[in-house]
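Report on one structure; see the data block that follows.
Only the coordinates and a few stated rules stand behind these numbers; no lab work does. In this text the structure is predicted, and so the values were computed from the model without any measurement. Heads up, the Cβs are rebuilt from the backbone with ideal geometry, glycines too, and the neighbour counts pull from every protein chain shown.
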Amino acid sequence: MDVWVDSTETNARRLVETLKGFGFDVPELAPDPFLDPDCVIRMGHPPLQIEILTSVTGVAFAECLSSRVVEEMDDGTPIHFIGLETLKENKRASGRHKDLDDLENLP
């Protein structure tokens, strides 16, 4: 699962605290990597892996935030997803075969 975060100082600090709260409290965990625009932090192993990204190809965070889709879990917790059109932009921009194949299966 990919989790895309806006790379601001406030978000970086909040992300570190959140990860610590989930038990991912390793000595090298600090806000600085989450301020790098090309940061990818991987936790776990496929197929149970989470990747935290500070950027994605072809789209800006603010643009995607304004067109996001929000769904709720059974307990009412909101989950934010990239909108379909911006997801397509991202897949096209990446140019990877897998992403281009994904485009064929998106509505």
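Annotations
- Coordinate range along principal axes, alpha carbons of the stretch 1-55, Å, largest first: 30, 23, 15
- FRET efficiency, Ala93 to His45 (Cβ-Cβ, R0 22 Å, nearest 0.05): 0.20
- The chain: C-alpha gyration tensor shape, a/c 1.5 cut-off, then a/b vs b/c: prolate
- Applying 1/(1 + (r/R0)^6) with r as the Cβ-Cβ distance of Leu35 and Met1 and R0 = 30 angstrom yields a FRET efficiency of 0.85.
- Added length on full extension, which subtracts the Cα-Cα distance from 0.36 nm per residue, Glu9 to Asp101: 29.6 nm
- The trypsin sites (Lys or Arg not before Pro) of the stretch 69-105 meeting both criteria, a DSSP state outside H, G, I, E and B (loop) and at most 13 other C-beta atoms within 10 angstrom of the site's C-beta, are Arg96.
- Sorted peptide list for 57-64, 45-52, criterion being average Cβ within 10 angstrom, highest first: 57-64, 45-52
- Formal net charge of residues neighbouring Leu106 (Cβ-Cβ distance under 14 Å; K, R +1; D, E -1): -2
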